[in-house]
């Protein structure tokens, strides 16, 4: 039994690290693109790969937490995503140090926002992320599944909504001191709360009208 639990834990963690790396790649291409629309479209490669290969993304799993009763898994997934973002962000900072300044300006603007605006922006991102993942689950073998991922991700980026895992990577690119890391962590926790509430809200609404059943 202990071996099974350990195996499940490491499998969950590894897939979460993989998801963090993929979102890190998406965040990198967004930072590297001068055109925001192009960057938003290219960012979608991260979620598409995650859905296609069954990786564990916190914002893609949290909407199912009540029906699946996977509370410990979501905590593991959040930390695994963070590790993946740190791996990607730290590595690319070495290879492309010029992205630090771009990320720093972006993250500075994010950290200046107060609690309520951050919560609102992250709530709606959570709604879109649940919509993207649930749509892909239902239509993964059709164009509709891919189109849903591209549209939902592009919309949340261009709307300025906050995604906790993408923000993890931006913060890794931007951080330059322990104090800055502390402010970034508090910001990420607020975004995580908003993402969770948004995903759970849409899940609850769709279940209430007879859709989204496991």
Tilt of helix 71-95 relative to the longest C-alpha principal axis of the chain, in degrees (0 to 90, nearest 10)?
-> 30 degrees
Residue 206 to residue 142: extension gain in nm, 0.36 nm per residue of separation minus the Cα-Cα distance?
-> 20.9 nm
Longest principal axis of the chain (C-alpha) makes with the long axis of helix 164-174 (C-alpha) an angle, in degrees to the nearest 10, of 20 degrees
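Between residue 179 and residue 11, how high is the FRET efficiency from 1/(1 + (r/R0)^6) when r is the Cβ-Cβ distance and R₀ = 41 Å? Nearest 0.05. Before the final figure, lay out the partial values.
Working: r = 36 Å, r/R0 = 0.88.
About 0.70, to the nearest 0.05.
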For the stretch 2-208, rounded, prolate or oblate, judged on the Cα gyration tensor with a ≥ b ≥ c (square roots of eigenvalues), a/c < 1.5 rounded, else prolate if a/b > b/c?
-> rounded
Name all residues of the stretch 25-69 having a backbone nitrogen under 13 Å from the label point set 7 Å from the Cα of residue 96 along its Cα→Cβ direction, giving them as ranges.
-> 25-35, 39-40, 42-43
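Here, each number is a calculation from the coordinates, and none is a lab measurement. Just so it is clear, the structure is predicted and the values come from calculations on it, not from any experiment. Glycine also receives a Cβ, built like all others from the backbone with ideal geometry; neighbour counts cover every protein chain displayed.
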